[in-house]
Amino acid sequence: MAKKDTAGKPAIRSPIVSVLGHVDHGKSSILDAIRGTDILSTEAGAITQAIGASIIPLDIIKTKCGDLLKALNMEFTIPGLLFIDTPGHAAFTTLRKRGGSLADIAILAVDMNEGFKPQTIEAIEILKAAKTPFIIAANKMDLIPGYRKKHDALLADINAQDEQVKAKIDTKLYELLGQFHERFQMNVERFDRVDDYTKQLAIVPCSALKNHGIAELLMVLAGLAQKYFEEKLQIEVSGPAKGTILEVKESQGLGLTADVIIYDGTLQRNDTIVIAGLNEPIVTKVRALLEPNPLAEMRDKKAKFKPVQQAVAATGVKIAAPDMEGALPGMPLMGANTPEEITTAKAAVMAELDEMAVETEEHGIIIKADTLGSLEALSTLLKEEGIPIRKATVGPVSKKDIADAESNIEQDPLTAVILGFNIPEAASTENVKVFTDPVIYKLIDNFTDWKKAETEKKEKSAMDELTAICKVEVLANCIFRQSGPAVVGVEVLAGALKKGTLLMKLDGTRLTTVKEIQQESKSIAKADKGFQVAISLPSVTVGRHLDEHDVFITDLDEPSFRSYKEHKDLLSAEQKELLKQIAEIKRKQHPVWGI
């Protein structure tokens, strides 16, 4: 039950917002533009930077948006917006809490001049998998040729541009709209033209570098959050904290610490916390709650922190506590202070962990990732590619992972593979191939490219082991020896002639095996189509068994014929025609030959 305020209305937390997109498309610039709104202000309600998060109060949003928010004609009850700011990859968007994604809504940054890039597509797939609603920031409008900012208000500014520039902006936006529709069947429209936000995605043209269109972006975010998420954002302020771990690391003078987003309740110093462990819950006591000093760079190892007595949802905070060795990014966390609450919290965090567990199969590859959210993202994209997963765990590649992957060799050597997303590099072994990358699409591409190459290599090897098939013609005036063995000149009409090839006549009569092949007095192992070579044929007499202009074809056995059929996708049209001729010859005597 959500706590009521003095007016009898439920307490509302700030919506949690994430920003993601392709590298260099402006994720960081958009966050900087939003955070930079009043970052130096010392007035009440200024932006607060907590661990892995930036809290933008509603007062600042109203100041930045001005009349834009008034035009929405709605009463705002959200306290502001909480932007998640974590290291690593966009897959942090899939960090989970019970019942869905940690992020309530996301901004997808797309360079309007470049359009979709691999990470753009990947980000959309991640957002779809996490069922996270999002809006699109069509960034870098300032790079449109001829563009000059003429108004502070975005729409007035676009309308004031030269017709050529205005047309170029429209073209770039419609190209983006087309890409969304073509690839994802998504209905996207410019934010001021959206009729129904439940059926259409809003796109906001902007320039993070010039801090232009950011007010409109904030306006759409705040409006959507207020209109559609109010019930979802109700919290029990005085209740035990619920959170998700963003990062676990050693902090100087504090030991192992966890950066946590608190999305419900309140966490206080000396509270007992329960964290989901991979095998069992971790129960420990908060020794310290810390926030960085104002304007401190949170990722700076030299950053100084100040202790606080409590952290109220929704916010980010650094937690120092003993016995957190089993805590990993993505793990759920709950506050609990009585034996009954601890028992309930243990069951709840492990149930939440079970919800987030990646579905595995009896056979498949092994995957690793830095967080549970990342693991889910990787799993989802692999399944879309039809790649089975046998084991999925958080953390670096271990000796046990190598051993588990190695056990796949007998079943399928191409699944003796470990894919590691956003984790430390690990070396492949003689039997296990290890791929690591901080970008999912590169990781999957590298694996699929390797698998394709290995498959082709294996198939080529299998083809090389098959009996060569060919058709040859005895050349006129090229009888070099009549018998013992006969040596004649031939031209390879089709296929490839190899030493040891068994030849037959076109009526199915067996001739003999090619003992030697020579070209210009040098022995060769193989002669391809068009080659004219001398061949030695034991147990054959010219004039009795063969003559000039006679044509012979490979005398193939049934097992080899069936092997060729198994690899029919690798055969050329010429090889297929040769096999067809061989089968026709053989079936005149044995109607079901090779079937």
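Just so it is clear, none of the values below were taken in a lab; they were calculated from the coordinates. Bear in mind the structure is a predicted one, so any value in this text is a computation, not a measurement. Cβ sites come from the backbone with ideal geometry, for glycine too, and all protein chains shown count toward neighbours.
Tabulated data for the structure shown
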quantity	calculated
Pairs of alpha carbons in region 174-312 whose separation is greater than 17 Å (percent)	74 percent
Summed residue charge, Cβ within 13 Å of M186's Cβ, Lys/Arg positive, Asp/Glu negative	0
Magnitude of the charge dipole, the chain, Cβ model with Lys/Arg +1 and Asp/Glu -1, debye to 20	280 debye
For region 365-463, size of Cβ-based charge dipole, Lys and Arg +1, Asp and Glu -1, in debye	100 debye
Under 16 Å from the Cα of K452 - lysines, other chains or at least 8 residues apart	K433, K442, K460
Normalised alpha carbon radius of gyration of the chain [divisor 2.2 N^0.38 Å]	1.38
Dipole axis of region 242-348 (+1 Lys, Arg; -1 Asp, Glu on Cβ), positive-most option in L333, P292, Q309	P292
Semi-axis lengths (Å, descending) of the ellipsoid that matches the C-alpha gyration tensor of region 16-229	24, 22, 17
Charge-dipole axis of region 100-229 as Lys and Arg at +1 and Asp and Glu at -1 on Cβ define it, positive-most pick from I135, P205, L218	L218
Under 13 Å, Cβ to Cβ, from V551 - net charge with Lys/Arg +1 and Asp/Glu -1	-4
Relative contact order computed over region 365-463 (Cα-Cα under 8 Å; 6+ residues apart), in percent	26 percent
Order of V394, V204 under a 10 Å beta carbon neighbour criterion, fewest first	V394, V204
Computed E for Q164/V592 - FRET, C-beta separation, R0 51 angstrom, nearest 0.05	0.10
For region 405-538, with +1 on Lys and Arg beta carbons and -1 on Asp and Glu, the positive-most of F435, F531, G484 along the dipole	G484
Debye log10 I(q)/I(0) at q = 0.18 Å⁻¹ for region 365-463, Cα point scatterers	-0.78
Environment charge at K526 (Cβ cut-off 9 Å; Lys +1, Arg +1, Asp -1, Glu -1)	+1
Prolate/oblate/rounded label for region 242-348 (Cα gyration tensor, a/c 1.5)	prolate
In order through region 166-172: 3J(HN,Hα) via Karplus (6.51 cos²θ - 1.76 cosθ + 1.60), integer Hz, x for Gly, Pro	4, 5, 5, 4, 4, 4, 4
Length added when fully stretched, T509-I409, from 0.36 nm per residue minus Cα-Cα	31.6 nm
Residues in region 381-396 that a label on T429 would reach, taking backbone N under 13 Å of a point 7 Å out along Cα→Cβ	none
Where labels lie 7 Å past Cα in the beta-carbon direction, separation of Q185 and D449 in nm	3.2 nm
Magnitude of the charge dipole, region 242-348, Cβ model with Lys/Arg +1 and Asp/Glu -1, debye to 20	380 debye
Whole-number percent relative contact order across region 94-222, with pairs defined as alpha carbons under 8 Å at least 6 apart	24 percent
11 Å reach of a label modelled at R481, 7 Å along Cα-to-Cβ, counting backbone N of region 517-552	535-539
Chain lengthening between L72 and Q310 when straightened (0.36 nm per residue, less Cα-Cα)	82.2 nm
Residue-averaged 222 nm ellipticity for the chain, from DSSP H runs of 4+ at -39500 (n - 2.57), nearest 500	-9000 deg cm²/dmol
Footprinting exposure proxy for T344, T380 (fewest neighbouring C-beta atoms within 10 Å first)	T344, T380
Extension gain, L466 back to D152 (0.36 nm per residue minus Cα-Cα distance, nm)	105.7 nm
Between helix 339-356 and the chain: long-axis angle, C-alpha atoms, 0 to 90°, nearest 10	40 degrees
Relative contact order, percent, the chain [alpha-carbon distance under 8 Å, six or more residues apart]	10 percent
Share antiparallel - DSSP beta bridges, the chain, percent rounded to 5	70 percent
Residues R390, R287, R544 arranged by fewest to most Cβ contacts within 10 Å	R544, R287, R390
